[in-house]
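Peer 1: Just passing along the structure, written as structure tokens.
What follows is calculated from the coordinates using simple rules that are stated; it is not laboratory data. Because the structure is predicted, anything quoted here is derived from the model rather than measured. Virtual Cβ from ideal backbone geometry, glycine too; neighbours counted across all protein chains shown.
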Amino acid sequence: MKIMEGDMSNDQLDMLKYMHGMKIGKWKDLDAQKLYEDFKFNLKLKPGKVGDVELKLDYIEPMKPLTVVSMRDAIYMGYSPLKMAFPWRYPMYTYFIDDCLTMSTSPQEIFLLHIGIKEMKGKVLIGGLGIGYVVSKVLEKDNVDKVIVVEKNKNIIKLIGNQYKKIYGDRLEIVNEDLFKYLKNTKEKFDTAHLDIWNGTNEATFYDYVLPLRRLAYKKIKKTYCWAEEQMISQIQNSLMCMMVHCEKENNRKGWNKATSIFLKNCDFNNKEKSIKDFITGIGSSKWEKKWKFE
């Protein structure tokens, strides 16, 4: 394994972090060796196409530097920029829906999945099947009893899900349903959940997917991980602070969408940082619902 740090100076990185509202400090700890082990995967998937879904497999030649922690991830998540080169042909699975790239096993994407996978235990809910990397890694864990995957696209289940069912048998259950509807109606309870049914990592994705899913999941899942949420939260913190400063000056409490308007209506302008923290933590709890008054 060859590890390469990012090529920007500390001053440049500090400036970028400052611009995006992050507190300046040391980088978060990252176990590069453990992460390296996660790249030694063999999904044993056969490429193919079913309806609008296509799975492809290519290989990247050994010792080619590949981004693991991008500069954007470093800015929003606080990990040091990182590249790795592997002494084997790296398997790059990609899958497409209507010829649009939806997911891959690129090291950068594996890094973001790795953060949530290590938290999974007990009875696990996985929202979105995708290529199934999360499914395979979670079911390798000794402290995982069963995995239920909720996937709304039948063709993904036919092409990819059925291959995993042959491998993992009764430990894996796949439900063909919309995740929002499933969480709203299910009587099942889970120890942990790994949710990833979106492509974006921006503020709109947080408000459209993460926030409403966390509200639905709160009473049914003990601990929920949402893919790339850490990136989104960094952006949310910065934008909410900017909105509060602007709206306080203009005496206006209207946000750019329903969620931000609710936030501005119920936040405490005299304690901005606490209001933002209260808004992005404990989503779905009775205390949160009472304070923010969502419908």
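Peer 1: State the Cα centre-to-centre distance between segment 233-295 and segment 67-90 in whole Å.
Peer 2: 32
Peer 1: Still on this structure: Rank by packing, highest mean first: peptides 192-198, 277-283, with packing defined as the count of other Cβ atoms within 10 Å averaged across residues.
Peer 2: Numbers: 192-198: 22.4, 277-283: 16.6.
Descending mean neighbour count gives 192-198, 277-283.
Peer 1: Can you pick out the pairs among 118/290; 28/290; 181/219 whose Cα atoms lie more than 27 Å from each other? Working shown, then result.
Peer 2: Values: 118/290 32 Å; 28/290 34 Å; 181/219 15 Å.
Checking Cα-Cα distances, 118/290; 28/290 exceed 27 Å.
Peer 1: In segment 135-240, which GluC sites (Glu not before Pro) fall in coil by DSSP and have 15 or fewer other Cβ atoms within 10 Å? If you can, show how the numbers build up before the last one.
Peer 2: On the way: sites: 140, 151, 173, 177, 188, 203, 229, 230; in loops: 140, 151, 177, 188.
Passing sites in segment 135-240 are 140, 177, 188.
Peer 1: Along each of its three principal axes, how wide is the spread of alpha-carbon positions in segment 2-197, in whole angstrom units, largest first?
Peer 2: 51, 38, 34
Peer 1: Provide the percentage of antiparallel DSSP beta bridges, counting only those with both residues in segment 81-237; round to the nearest 5. Please report the intermediate quantities before stating the final value.
Peer 2: Values: 4 of 23 bridges.
Of those bridges, close to 15 percent are antiparallel.
Peer 1: Then there is this: What is the antiparallel percent of DSSP beta bridges lying wholly in segment 2-197, to the nearest 5?
Peer 2: Numbers: 22 of 36 bridges.
Taking every DSSP beta bridge with both residues in segment 2-197, the antiparallel ones total about 60 percent.
Peer 1: Would you compute, from DSSP H runs of 4+ residues alone, the mean residue ellipticity of the chain at 222 nm, taking -39500 (n - 2.57) per run and dividing by the full residue count, rounded to the nearest 500?
Peer 2: Numbers: 12 runs with 110 residues, N = 295.
The per-residue figure over the chain is -10500 deg cm²/dmol.
Peer 1: Here is a follow-up. Summarise the long-distance tail of P(r) for segment 195-295 by giving the % of C-alpha pairs beyond 19 Å. Don't jump to the answer; show the numbers that get you there.
Peer 2: Working: 2062 of 5050 pairs.
It works out to 41 percent of all Cα pairs.
Peer 1: How would you rank 219-225, 122-128, 144-150, highest first, on the average number of other Cβ atoms within 10 Å across their residues? Walk me through the intermediate numbers first.
Peer 2: Details: 219-225: 17.7, 122-128: 22.4, 144-150: 19.7.
Result, highest mean first: 122-128, 144-150, 219-225.
Peer 1: Something else: From Cα pairs below 8 angstrom and at least 6 apart in sequence, can you work out the relative contact order of segment 231-292, rounded to a whole percent?
Peer 2: Details: 38 pairs, mean separation 17.0, N = 62.
Relative contact order of segment 231-292: 27 percent.
Peer 1: Continuing with the same structure: Kirkwood-based Rg over Rh for segment 150-260 (C-alpha set), two decimals? Walk me through the intermediate numbers first.
Peer 2: On the way: Rg = 17.9 Å, Rh = 16.3 Å.
My calculation puts Rg/Rh at 1.09.
Peer 1: Run the numbers on the chain and let me know its relative contact order in percent, using alpha-carbon pairs under 8 Å that are six or more apart.
Peer 2: Working: 463 pairs, mean separation 43.4, N = 295.
Once normalised by length, the contact order is 15 percent.
Peer 1: Sorted by packing (mean other beta-carbon atoms within 10 Å per residue), highest first, where do 162-172, 71-81 land? Working shown, then result.
Peer 2: Details: 162-172: 14.0, 71-81: 19.0.
Ranked from most to least packed, the peptides come out as 71-81, 162-172.
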